[in-house]
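These notes concern the structure reproduced below.
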Amino acid sequence: MYFIFLKRKVTWSNWFIWIGKYIINLFTWSKYHHAASTFFKGGKMYVGEAKMAGARIIELSKFLKEEGGHNKVYAYKVLPIVSPTRLLDFNEKMIGSEFDFKGAARAAIKIVDEDDDKVFCSEREVKLCQELGLLSKSIDASTINPKEFLKLLKRNGLINPKPEIWR
């Protein structure tokens, strides 16, 4: 299992996408604008993530094709052994959850979001860690942006601190 963080590449051919990601970076003071995670199913690696179109599961190869052209993909290996069944169950349960635009904006400035039906990227990943018993359920996932999520993972010794760069 890996946690993935995306850092935008500055290319003017995709300026519209670049502006949106730059705004996230600006408000969170982070080099990363997105968080996701991987898991295995049927011998293939998949990515579970919350995007503007909603939470989804996508094959890693397709994810890298979609995101790798305009992002650097940093993959941090998870150190504790996690239950593959619980990991798969969480990802399947999250499919179709609506993206929480308001919550993502609030997380950037650390305001609690009360809408539990919708999720943004790092909120989804914190909830995954809580479901797997890696992070305390007392952490309010709705206040955690990608930068804070990475800090939590490192502080709790949950990942190899040196990422692999996949693209």
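The values are calculated or read from the model by the stated rules, or taken from the named source; none is laboratory data. Computed from a predicted model, the values in this text were never measured in an experiment. Positions of Cβ are backbone-derived with ideal geometry, glycine not excepted, and every protein chain shown enters the neighbour counts.
General observations
- Filtering the stretch 55-75 to residues that are within 23 Å of Glu92 (Cβ to Cβ) and of a type outside the set (Val, Ile, Thr) leaves Ala55, Arg56, Glu59, Leu60, Ser61, Lys62, Phe63, Leu64, Lys65, Glu66, Glu67, Ala75.
- Condition check for Arg155: of a type in the set (Lys, Arg), modelled with pLDDT of 95 or more and crowded, with 19+ Cβ neighbours inside 10 Å: no
- The stretch 59-88 - residue that is among the basic types (Lys, Arg) and surrounded by fewer than 17 Cβ atoms within 10 Å (Cβ to Cβ) and, of those, nearest to Phe149 (Cα to Cα): Lys77
- Selection count where residues are of a type outside the set (Asp, Glu) and assigned to a loop (DSSP other than H, G, I, E, B), scope the stretch 57-98: 11
- The residues of the stretch 126-148 that are in a loop (DSSP other than H, G, I, E, B), of a type outside the set (A, V, I, L, M) and crowded, with 18+ Cβ neighbours inside 10 Å amount to a single one, Asn145.
A quick yes/no check of all residues on (1) under 20 Å from Ile144 (Cβ atoms); (2) modelled with pLDDT under 95; (3) of a type in the set (Gly, Ala, Ser); (4) surrounded by 14 or more Cβ atoms within 10 Å (Cβ to Cβ):
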position: Ser13; (1), (2), (3), (4): no, yes, yes, no
position: Trp18; (1), (2), (3), (4): no, yes, no, yes
position: His34; (1), (2), (3), (4): yes, yes, no, yes
position: Ile57; (1), (2), (3), (4): no, no, no, yes
